[in-house]
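This report refers to the structure that appears directly beneath it.
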Amino acid sequence: TVDPIGLVTVRDRGYLLATRSGEDRTYRLSRVLAAEELPEPAERPNRVDLDRIWRDRSARFLSGGDHVTALVRVDPARREELLGTVLAVRAEDPDTDGWPRLEVTFQDARHAEWALWRLGTDAEALAPRSLRSALRERAATLAARYAAADPP
């Protein structure tokens, strides 16, 4: 059960700002599968500054955790898909082949690997080396599994 405070839109994405058991919570609307109105009233402050709440929560989120900043290249057709997975875009420049080269921040190393793996050959991790190595090892494992023409 959550107590809704309000809705905000950031980079074309909707978020529900709420509390749950007195703790701040932020939910991306595209990930909410179901909602139901309960008979008891929600607890909500009388005056709400949604911009301030969003800024405060975003700052807390970005300052905590094991965030990973990566330099990536991405096919322009998949750029928005990549941006939908990152916490922040720190820089963006065109590469020589027209693909954007972005410096982006992910929640952690596992999140960075997942986000780039799902883009397949439409993205390339340039740095950090650890991310590039993790993706290379994952690809090598998959290639080895499918090396035989027929399954065992």
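Of note:
- Single residue of the stretch 94-103 satisfying the filter (assigned to a strand (DSSP E or B) and modelled with pLDDT of 95 or more) that is nearest to residue 75 (Cα to Cα): 100
- Qualifying residue in the stretch 47-57 (condition: in a strand (DSSP E or B), outside the structural domain of residue 91 (by TED's automatic domain parsing), within 25 Å of residue 115 (Cα to Cα) and not aliphatic (A, V, I, L, M)): no
- Residue in the stretch 60-70 that is charged (D, E, K, R) and within 30 Å of residue 24 (Cα to Cα) present: yes
- Here 131, 116, 142 are screened, and the one residue that is surrounded by 10 or more Cβ atoms within 10 Å (Cβ to Cβ), touching a residue at least 60 places away in the same chain (Cβ under 8 Å), part of a helix (DSSP H, G or I) and not β-branched (Val, Ile, Thr) is 131.
- Residue ID - surrounded by the most Cβ atoms within 10 Å (Cβ to Cβ), chosen from residues in the stretch 104-113 that are part of a helix (DSSP H, G or I) and among the aliphatic types (A, V, I, L, M): 112
- If you go through the stretch 70-90 and pick out every residue that is at pLDDT 95 or above and closer than 15 Å to residue 127 by Cα, you end up with 5.
Conditions (1) surrounded by 12 or more Cβ atoms within 10 Å (Cβ to Cβ); (2) closer than 29 Å to residue 134 by Cβ, marked per residue:
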residue	(1), (2)
5	yes, no
20	no, no
58	yes, yes
69	yes, yes
72	yes, yes
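The values are calculated or read from the model by the stated rules, or taken from the named source; none is laboratory data. Please read these numbers as outputs of a predicted model, since none were measured by experiment. Glycine also receives a Cβ, built like all others from the backbone with ideal geometry; neighbour counts cover every protein chain displayed.
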